[in-house]
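First up is the structure itself, then whatever we jot down about it.
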């Protein structure tokens, strides 16, 4: 299974830290934020990685190289100008292949067990679903959530209202109609697939941080170093 790490965002809320450093390379407890993903993916046996980039993307390639230092194999999708989430994924489809693939936001920290992904991919195929979303309890900065979860199905209006973690498994078919190089958001595609009853989900109650502000970056640093 291939994994795409989304790393093309400008990181406006993290400025001035991101003026000279792409957000995925910001240090957390002695290593770049994106390195935590790479190490967890490698430990789970998910070693074929695609990383998209735009803002200061050359720095990401210089820092990570071919991924060998993390036990993975990295291919890069250079967008030049960020294409939004769905546009970035669609642009990278030739690198991702024809099977379901995992996508992880580069600006989160999460302790989800990625060894579950092959089993989840089989379930996705068996249910003829287009997507599987990892959902988390609504954090203070996003109290209204994003999607409803009911019995492992993401629904338009029934069940528990939760927040999308930025970790999802997708069928390439979901992005097939987006031309390469075109900007496109993910949410409209997901809402259409949810309406068609083709999106699965799972709740995660472990550690999850949206590293979207300098304050949350500092809090994550403290959490990792102290274990609290």
Would you point out the residue of the range 152-177, among those that are in contact (Cβ under 8 Å) with a residue 12 or more places away in the chain and at positive phi, that is surrounded by the most Cβ atoms within 10 Å (Cβ to Cβ)?
-> 166
Residue list for the range 134-151, restricted to those being outside any strand (DSSP E or B) and in contact with a strand residue (DSSP E or B) (Cβ under 6 Å, 6 or more places away or on another chain) | 138, 142, 145, 146
Condition test on residue 112, is it within 22 Å of residue 89 (Cβ to Cβ), without any contact (Cβ under 8 Å) to a residue 40 or more places away in the chain and either more than 17 Å from the chain's Cα centre (by Cα) or buried (at least 17 other Cβ atoms within 10 Å of the Cβ) (or both)?
-> no
At least 3 residues that are closer than 25 Å to residue 135 by Cβ in each: list the strands (runs of 3 or more DSSP E) lying fully within the range 34-123 that qualify.
-> 48-53, 101-105, 108-110
Which condition breaks for residue 181 when tested against (1) in a loop (DSSP other than H, G, I, E, B); (2) closer than 27 Å to residue 96 by Cα; (3) modelled with pLDDT of 95 or more?
-> (3)
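The values are calculated or read from the model by the stated rules, or taken from the named source; none is laboratory data. These numbers were taken from a predicted model, which means no experiment stands behind them. Positions of Cβ are generated from backbone atoms using ideal geometry, with glycine treated the same way; all protein chains shown enter the neighbour counts.
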